[in-house]
Each structure stands twice: as C-alpha cells, then as structure tokens.
Amino acid sequence: MISSQDRPGAVAPLLADAQLPFAGRPFDRDAVAREHSDLVAEALASPTARVLVLRGSQAPTRDGALALPFVAEVPGPTDDPGRPDVYLGRMAEGAQVILRTFRADTQLPGFDDARWEGLRTLATAVDPEQTSLLVTAQAVALWHRDHPRCPRCGALTETIRSGWARRCPEDESLHFPRTDPAIIVAVVEDGPDPSSQRILLGRSAAWAGNRYSTFAGFVEPGESAEQAVVREVGEEAGITVHTVQYQGSQPWPFPRSLMLGFRALAGSDAAVPDGEEILEVRWFTREELTAAAADGTVTLPGAVSIAHALIVSWLGHELPETWW
C-alpha cells in the first residue's frame, strides 16, 4: 500500500503484497513430503481432502469463493496424459487439496449451481489463499498440458512426485514444471520537483485502442534480470536506463512466467518506439497520467497486474482498474 509518508519521487519502496494479488498469502505446498510420498493417492483416500477443479482455464465459484468440493463429489480423472491429478498442498485449516483438470467443453455433474470464472477475474475477488492455490493450479496445469512427452526422445512421460515432475520411461530423464523469468519496468525521470517528474509508458502492437503500460520482456539465457531491463527498454523505447531498482515479483501463469518488477531512471527523454513491438511511447507527469486515466484518454493495466502496482507505486495514489 502507498503510505502517506512516501514522498513521490523518493527512493522506490518495495511493492507490498497487497499490491500484487497473484503473490498473495501462500499455502503449505508440502514440498518435502510430496517428493517422498504419493500425496495424490493419500488425498484421494482422505474424507476431508478437497479438489480444485479447472475446466479449461476456469474454476467453479459459489458465493464469492472457490468451490472446493470433497474428492468423492468430483468426477474421476480423465485418461488424458496431459491432465493428471496434482497435489497442490494444504490450506490453512489443514485440508489437503488436489488439482483435477478437464477440457473446457466438459459437462461436469454437481456443478450446475456454480459460476465458472477465470483467474484474471478471481484474483481480487476471492480469499488470498485461494488466489495462490488457483495461480499455482493454472501454472502447473498448463505445463502438464503442453509437456506430456519427453523433449529428448518424444516418448510419453509418466507423472511422478505427486504431480510435480514427469519421467521418461525410455531414457529415465526427469522433467519439472517450467517457469520463465521476465522483467517489467517502470521507466521514470527523477528530479527535485515531484510535479515535473515523468513516467514513460508504451502502447504495444498487440493491443487495440489507447492501452498503455510499462515495458516488459523475457530474460534471455546468460543474462541477469537487470541486464534484461536495460536491453528491453533500449530495444523497445530507444533509450538507455540506469539505477535499476528491484521492486517485487509475482507469478503470471499465462502460461508460466515469473514477472520481476523494477523501476529504472531514464538516461534521456528522447524515447522512440521500435515500431514493431511498441507502436507509441508517451511521457506523463503525475497530473497528466491521473487526468488521462480519469477521462479515458489512456487505458491502464488493472489491479491484477504488476504493471498496475509499478505505476501506482510511482504515482502515489490508486488509479481506475480499467484493463486486465
């Protein structure tokens, strides 16, 4: 949260968990135990274990919370090798939770009164612990869906370690869920007068209308996160940045990224879009950005994204949740 004591333009505070819905209250993943025991089988035999159901990318909700039925209330797993049951962990009250996934068009009995919603909607609508469960579920589900075969020999792999690894029966190689590191950065101008300080935002070629956001890109092999910040801003906006400060991170399971947030100072104001990924760049003072967001001239990222948190952290007050 933004403290009234934080002076706009001062050394950037770290982003608070409250600003990063996807990095909400963690649950107990039982990470050590799942390596040595089949916790999926244990949960399936438990009368108190719960199931987080994903139908495509949507989960069922009732009364503003995830519907987490008991194991006996959910149809059995499919025979799709890319959709195995996965042990997610334990909730605060101790109940074990497994993930069971189905295709988007699957008709599931027992969920007639449920509302099916996606993570972008649910992130700020359900309890933080449930958000963490859902973020984890979506990320690991997409990994299983996309990687059912061995990347070395193409053989169909088998699920092991309570759903957190896959093993090739042909060459015995092990494969684990993949997370791709990516940077996202608020490029700003510093100075003694907060009213004249500015932030640089870009409009992506992938976005329609007047959507603007911070700059982002994947960390390349052999590159540090800070080096990726300098490179990406140089490529997309044509300027050099310095004083790269880490702000915070959150998972972004669309499909499997970890977003590393930064603030960086611009070396000049002569920003030029690359014309391919970024079509337009604009500098905004705090007053200009607040006014543009209020009248709809500019559409900014919504509260589920770390981009929103980076902008709000620099701005010093909240903005309308207009996107994502």
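The values are calculated or read from the model by the stated rules, or taken from the named source; none is laboratory data. Quick caveat, the model's predicted, so the values are computed rather than measured. Please note: Cβ atoms are built from the backbone with ideal geometry, for glycine as well, and neighbour counts cover all protein chains shown. Surface accessibility is based on the protein's heavy atoms, side chains included, excluding ligands, DNA and RNA. Shrake-Rupley method; radii C 1.70, N 1.55, O 1.52, S 1.80 Å.
Things to note:
- In degrees, nearest ten, helix 306-315 long axis to first principal axis of the chain (Cα): 30
- ³J(HN,Hα) computed for each position of the range 162-169 - Karplus, 6.51 cos²θ - 1.76 cosθ + 1.60, integer Hz, glycine/proline x: 6, x, 9, 7, 10, 10, 7, x
- Rough spin-label spacing in nm, given labels placed 7 Å along Cα→Cβ, for Asp193 and Ser173: 6.1
- For the range 118-209, with +1 on Lys and Arg beta carbons and -1 on Asp and Glu, the positive-most of Ser195, Ala123, Ala165 along the dipole: Ala165
- When the helices of the chain are scored as -39500 (n - 2.57) per DSSP H run of n ≥ 4 and the total is divided over every residue, the value at 222 nm lands at -6000 deg cm²/dmol.
- Computed over the chain: relative contact order in percent, which uses C-alpha pairs under 8 Å that are six or more apart: 19
- Of the GluC sites (Glu not before Pro) found in the range 56-129, those that fall in a DSSP loop while having at most 12 other beta-carbon atoms within 10 Å are Glu93.
- Descending by average beta-carbon neighbour count within 10 Å, the peptides 253-263, 280-290 line up as 253-263, 280-290, the highest first.
- In sequence order, the range 29-35 has phi-based couplings of 7, 6, 4, 6, 5, 5, 6 Hz under the Karplus curve 6.51 cos²θ - 1.76 cosθ + 1.60, θ = phi - 60°, and Gly or Pro positions carry x.
- Cα-based helix-to-principal-axis angle, 225-237 vs the chain, degrees rounded to 10: 60
- Each Lys or Arg adds one and each Asp or Glu takes one away; over the other residues whose Cβ falls under 14 Å from the Cβ of Asp146, this sums to +4.
- Taken about its Cα centre, the range 166-324 carries a charge dipole of about 380 debye when Lys and Arg each add +1 at the Cβ and Asp and Glu each add -1 at the Cβ.
- Mean separation of Cα contacts under 8 Å, 6 or more apart, over the residue count of the range 221-324: relative contact order %: 21
- Loop sites in the range 41-111: chymotrypsin sites (Phe, Trp or Tyr not before Pro), DSSP, at most 10 other Cβ within 10 Å: none
- Helix 128-146 vs. the chain, principal-axis angle (Cα, 0 to 90°, nearest 10): 70
- For the chain, built as a Gaussian network whose Cα springs stay under 10 Å, the top-fluctuating residue of Ala123, Ala216, Ala291: Ala291
- DSSP-assigned coil residues among trypsin sites (Lys or Arg not before Pro) in the range 45-113, each with at most 15 further Cβ atoms within 10 Å: Arg103
- Proximity of backbone amide H atoms, modeled 1.01 Å from N, is registered between Leu258 and Asp180, Ala182, Trp252 at under 5 Å, excluding neighbours fewer than 5 places apart on the same chain.
- Using the Cβ of Ile311 as centre and a radius below 11 Å, the other residues enclosed give a net charge of +1, where K and R count +1 and D and E count -1.
- Unpaired by the 4.7 Å Cβ criterion, cysteines found in the chain: Cys153
- Carbon + sulfur, % of accessible area of the chain - ligands and nucleic acids excluded, 1.4 Å: 51
- Taken per residue, the accessible surface of the chain reaches 46 Å², heavy atoms only and a 1.4 Å probe.
- Note that the range 255-266 has calculated 3J(HN,Hα) couplings of x, 7, 9, 10, 8, 9, x, 9, 10, 9, 8, 6 Hz, one per residue in order, obtained from phi through the Karplus relation 6.51 cos²θ - 1.76 cosθ + 1.60 (θ = phi - 60°); glycine and proline are x.
- Whole-angstrom gap from the range 132-167 to the range 228-254, using each part's C-alpha centre: 29
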